[in-house]
Ligand code: ADP
Ligand code: AMP
């Protein structure tokens with residue numbers, strides 16, 4: 001199954017993509033995770049995009065499109081994938097059409113107030129990308145990753161100014177994709193506000209899996 005998870009930052013796309021990937025084996029492809037991994041390893045790409053991610057702006061389309069095109073050519077993505085955080089602009093969506101078909105676009109819907117609560121409480125384990133929330137999904141030991149016991153961090157772009165910028169960028173550049181995919185009749189809306197188990201159950205129902 002070839003899926004796109006669309007929605008504002010903090011809506012729970014990564015959390016649901018990771019659960020769905022664990023239960024089905026479909027690879028979870030997060031452009032944000034790929035950029036952060038490159039930043040961590042200080043690759044040429046990482047050095048180029050670090051300031052952009054920290055501010056909450058978008059990485060240029062050409063760079064992002066090439067990255068996804070190459071990733072989707074890998075063997076594990078031949079029969080399906082969950083794209084989380086791509087496409088984020090109309091040119092990215094147009095480009096994606098030239099190299100892959102898509103079965104469903106799941107649109108995660110969440111109010112601004114809830115988004116801000118989720119992003120400001122998000123904590124991540126840098127090495128694995130595992131994501132927690134101080135209130136909604138706390139680790140067993142405060143501030144520590146459940147599996148490794150290593151320190152959790154707050155993403156630089158989860159600071160207040162970057163959150164505001166990311167939401168503006170989302171409304172200006174990414175939200176138009178809702179109409180774009182509605183017209184193609186592959187948009188499936190999901191209310192992202194309930195607890196994770198409920199959102200996950202609805203997601204499986206929606207995808208009939
Ligand atoms: P996105 O990938 O859309 O940016 P995340 O999956 O990282 O969002 O989730 C943002 C934050 O909200 C994380 O801290 C996560 O633990 C928490 N979260 C995810 N889904 C839910 C949910 N259904 N209810 C409450 N908190 C959630
Ligand atoms: P995410 O982990 O999805 O919240 O993405 C984190 C950051 O990575 C974004 O704020 C952008 O700076 C960058 N990014 C991720 N996906 C894309 C994309 N499709 N296009 C441009 N920039 C992206």
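What follows draws every value from the coordinates through simple rules; no lab data is involved. This one's a predicted model, so the numbers in the text were calculated from it and none came from an experiment. Heads up, the Cβs are rebuilt from the backbone with ideal geometry, glycines too, and the neighbour counts pull from every protein chain shown.
With the Cα gyration tensor of segment 1-77 in hand, give its eigenvalues times 5 under a square root as the equivalent ellipsoid semi-axes, listed largest first in whole angstrom.
Values for segment 1-77, descending: 22, 16, 12 Å.
Give me the percent relative contact order of segment 69-171, please, defined on Cα pairs under 8 angstrom at least 6 residues apart.
18 percent
Enter the Cα centre distance for the pair segment 138-209 and segment 17-95, rounded to the nearest angstrom.
For segment 138-209 versus segment 17-95, the Cα centre distance is 15 Å.
Translational D (Stokes-Einstein, µm²/s) of the chain at 10 °C and 1.306 mPa s when Rh comes from the Kirkwood sum over C-alpha pairs?
91 µm²/s
May I ask you to order 137-143, 158-164 by the average number of other C-beta atoms within 10 Å around their residues, highest value first?
158-164, 137-143
Could you work out the relative contact order of the chain? I mean the mean sequence separation of Cα pairs under 8 Å and 6+ apart, divided by the number of residues, in percent.
Relative contact order for the chain comes out at 29 percent.
What does segment 88-209 give for Rg and for Dmax, in Å, if only its C-alpha atoms count?
Rg then Dmax for segment 88-209, in Å: 16.7, 46.
With N set to the number of residues, divide the alpha-carbon radius of gyration of segment 73-146 by 2.2 N^0.38 Å and report two decimals.
Working it through for segment 73-146, the quotient is 1.47.
Tell me, what does the Kirkwood hydrodynamic radius of segment 143-209 come to in angstroms if you use every pair of distinct C-alpha atoms?
15.4 Å
When the helices in the chain are scored as -39500 (n - 2.57) per DSSP H run of 4 or longer and the sum is shared across all residues, what 222 nm value do you end up with, to the nearest 500 deg cm²/dmol?
-13500 deg cm²/dmol
Once you sort the root eigenvalues of the Cα gyration tensor of segment 114-168 as a ≥ b ≥ c, which label holds: rounded (a/c under 1.5), prolate (a/b larger than b/c) or oblate (the other case)?
Judged from the Cα gyration tensor, segment 114-168 comes out prolate (a/c at least 1.5, a/b above b/c).
Using a Gaussian network model of the chain with C-alpha springs under 10 Å, which one of 79, 165, 107 is most mobile by mean-square fluctuation?
Among 79, 165, 107, the largest GNM mean-square fluctuation belongs to 79.
Pick out which of 149, 85, 56 has the largest mean-square fluctuation in a Gaussian network model of the chain, springs linking Cα atoms closer than 10 Å.
Ranking 149, 85, 56 by mean-square fluctuation puts 149 first.
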